[in-house]
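The values are calculated or read from the model by the stated rules, or taken from the named source; none is laboratory data. What you see is a predicted model; the values in this text were computed from it and never measured. Heads up, the Cβs are rebuilt from the backbone with ideal geometry, glycines too, and the neighbour counts pull from every protein chain shown.
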Number of protein chains: 2
Amino acid sequence: MLLTTKNKEDLLTGLFKSAKLLGFDYFAYGLQLAVPLTAPKVELINNYPDQWQKLYQENNYLLIDPTVMHGTQTTRPVVWSESLFSDSRSLWEDANSNGLKYGWAQSTYGKKGVSGLLTLARSDDPISEAELIKKTPLLVWFTQLAHQGLQDVFLPEMMPQIKTTLTSRETEIIRWTADGKTSYEISVIIGIGERTVNFHLNNVMKKLNVTNKTAAAVQAVILGII
Amino acid sequence: MLLTTKNKEDLLTGLFKSAKLLGFDYFAYGLQLAVPLTAPKVELINNYPDQWQKLYQENNYLLIDPTVMHGTQTTRPVVWSESLFSDSRSLWEDANSNGLKYGWAQSTYGKKGVSGLLTLARSDDPISEAELIKKTPLLVWFTQLAHQGLQDVFLPEMMPQIKTTLTSRETEIIRWTADGKTSYEISVIIGIGERTVNFHLNNVMKKLNVTNKTAAAVQAVILGII
DNA sequence: GAGTTAATTGTCAGAATTGACAGGTTGTGC
DNA sequence: GCACAACCTGTCAATTCTGACAATTAACTC
């Protein structure tokens, strides 16, 4: 499996092909960021039938998808089943009628609040216990590889802030700010003018593309800068 | 191993005893919080000789301890060795002369920015490759149990904020705040008076024991409230 | 019905932040 | 020597936040 490419097309082709080799016609991956907190960005990548993709989006199935719920709770793999979808019958039935009958999903949590959910599915041939026992290690490994690869490709464009670097003074000041100190207090603590503190804070806000200290501090924490 | 007690004394006694059973005279555990960001709280628990504890603290060895450095980078276990301590000779020599010669350490990352580092050490009998192969699974398991137990006991008193719960309105408002919205903007978004937004923000700040929005939003993110 | 929790709104003064105008210093690498 | 990055400082107006004084309404539990 050659998943080391940084090229988007090649990566996706490789993933779809690998999914096929693992016995699944469909490959789907959802990448979710922690930000913005009030409406986290989500990117969906898959080779599902167009009609199903459309249905899924129109009905906002993402919000009630039990495999997504499961993935936010734990990184343990889960196999699609009648009971799993008991609280979302319409989703289950629509999926079935679009040829999505048997599936396997696992989520991953990364740094910087990034989480991913990989799903493999097919129309025929239920997933047996024996198949699971045999393939689980491969599937888990595949999940890791896919997560890594897709994150590398999609994260920079989904989260441009990720590339920001702060100078040492900026880091120092945003850290104190995150602890709740005012500009004046920080100026006393590190022995510079209050005006200078605000100057640095301003630069941090520009770099992180936000309009106030609060958002800057939160971003810095989420990005792991401080 | 009975590590299910919530009683501090019993837990420590149990841990020390278990360490002994695993072949180590000394048990040490460091618990570090993410907050305050500028001076993260640290709690050290161990049964090292008093003199060594004193030395360690006086010389601020925590800041240059290579096992600590390693633990912040990765959760892979590490065995004490001459080369590991090559950049901190005095620490290594002082440890040796206090009977701390052979050791094993592993860190763990938990939720809410909590991380722990468990160390097992002894004076005699080097840790052989064979011993490692045989004991690693046990040691890793022990680390998990110790981390869980110690976190349960020490976290509430180290991090009283952890018990805070916000009402749904408060959560909603602090989330928008963390995204950088002003009180007025939030009042428009959710359709209430600006005064009311500030009232709720005030309550959040009181609950989290901070004095401004910025610190409140950062706390909320770190605590996983939003 | 009494007590509790959550949510809402009012006013106002003092403090802090934000954005926009610039300009000067220090150290590093080519 | 010169470009460049990082750091430091100045003023000022408009906006925003913080803390302190309360008070009312709705929903739920006992």
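Among the residues here, B:Gln219 qualifies as under 30 Å from B:Asn46 (Cα atoms), more than 10 Å from DNA strand D (Cβ to nearest atom), within 11 Å of chain A (Cβ to nearest Cβ) and within 26 Å of the chain's Cα centre (by Cα). So, B:Lys163, is that one closer than 19 Å to A:Thr38 by Cα and either within 16 Å of DNA strand C (Cβ to nearest atom) or touching a strand residue (DSSP E or B) at 6+ places or on another chain (Cβ under 7 Å) (or both) or not? When the stated conditions are applied, B:Lys163 does not pass them. Part of a loop (DSSP other than H, G, I, E, B) and either in contact with a strand residue (DSSP E or B) (Cβ under 8 Å, 6 or more places away or on another chain) or modelled with pLDDT of 95 or more (or both), is that true of B:Asp125? Yes.
Please verify whether the stretch B:136-154 includes one or more residues that are under 26 Å from A:Ile174 (Cβ atoms) and either more than 14 Å from chain A (Cβ to nearest Cβ) or modelled with pLDDT of 95 or more (or both). There is no residue in the stretch B:136-154 that is under 26 Å from A:Ile174 (Cβ atoms) and either more than 14 Å from chain A (Cβ to nearest Cβ) or modelled with pLDDT of 95 or more (or both). For the stretch A:161-192, filtering for residues that are assigned to a helix (DSSP H, G or I), touching a Leu at 6+ places or on another chain (Cβ under 7 Å) and away from DNA strand D (no atom under 12 Å from the Cβ) leaves 4.
For the stretch A:136-160, residues that are of a type outside the set (A, V, I, L, M) and either surrounded by 17 or more Cβ atoms within 10 Å (Cβ to Cβ) or touching a His at 6+ places or on another chain (Cβ under 8 Å) (or both) total 6.
A search for C-beta distances below 7 Å between a residue of the stretch A:173-189 that is at the interface with chain B (Cβ under 9 Å from one of its Cβ atoms) and any residue that is of a type in the set (D, E, K, R) and in a helix (DSSP H, G or I), counting only pairs 6+ apart in sequence or on different chains, returns A:Thr177/A:Lys213. Looking at the stretch B:30-49, is at least one residue among the charged types (D, E, K, R) and in contact with a strand residue (DSSP E or B) (Cβ under 9 Å, 6 or more places away or on another chain)? Within the stretch B:30-49, one or more residues are among the charged types (D, E, K, R) and in contact with a strand residue (DSSP E or B) (Cβ under 9 Å, 6 or more places away or on another chain).
Restrict the check to the stretch B:146-155 and report whether at least one residue is more than 16 Å from DNA strand D (Cβ to nearest atom) and more than 24 Å from the chain's Cα centre (by Cα). No, that holds for no residue.
Pairs linking a residue in the stretch A:140-159 that is more than 22 Å from A:Asn209 (Cβ to Cβ) to a residue that is hydrophobic (A, V, I, L, M, F, W, C) and buried (at least 21 other Cβ atoms within 10 Å of the Cβ), with Cβ atoms under 6 Å and 6 or more positions apart or on different chains, are A:Thr143/A:Leu118; A:Ala146/A:Leu15; A:Ala146/A:Leu118; A:Gly149/A:Leu11. Every listed requirement among (1) touching a helix residue (DSSP H, G or I) at 6+ places or on another chain (Cβ under 6 Å); (2) under 30 Å from B:Ile222 (Cα atoms) is met by A:Phe154 save one, (1). Evaluated against (1) surrounded by 14 or more Cβ atoms within 10 Å (Cβ to Cβ); (2) in contact with a helix residue (DSSP H, G or I) (Cβ under 6 Å, 6 or more places away or on another chain), A:Tyr184 falls short on exactly one condition, (1). What are the pairs, 6+ residues apart or on separate chains, where a residue within the stretch A:52-80 that is closer than 11 Å to A:Thr108 by Cα has its Cβ under 7 Å from a residue that is buried (at least 17 other Cβ atoms within 10 Å of the Cβ) and of a type outside the set (S, T, N, Q)? Taking only residues 6 or more apart or on different chains, the pairs are A:Gly71/A:Ala105; A:Gly71/A:Leu117; A:Pro77/A:Trp104; A:Pro77/A:Ala105; A:Pro77/A:Leu139. Scan the stretch B:193-216 for residues that are closer than 26 Å to A:Ile226 by Cβ, of a type in the set (Val, Ile, Thr) and either outside any helix (DSSP H, G or I) or more than 13 Å from chain A (Cβ to nearest Cβ) (or both) and the total you get is 2.
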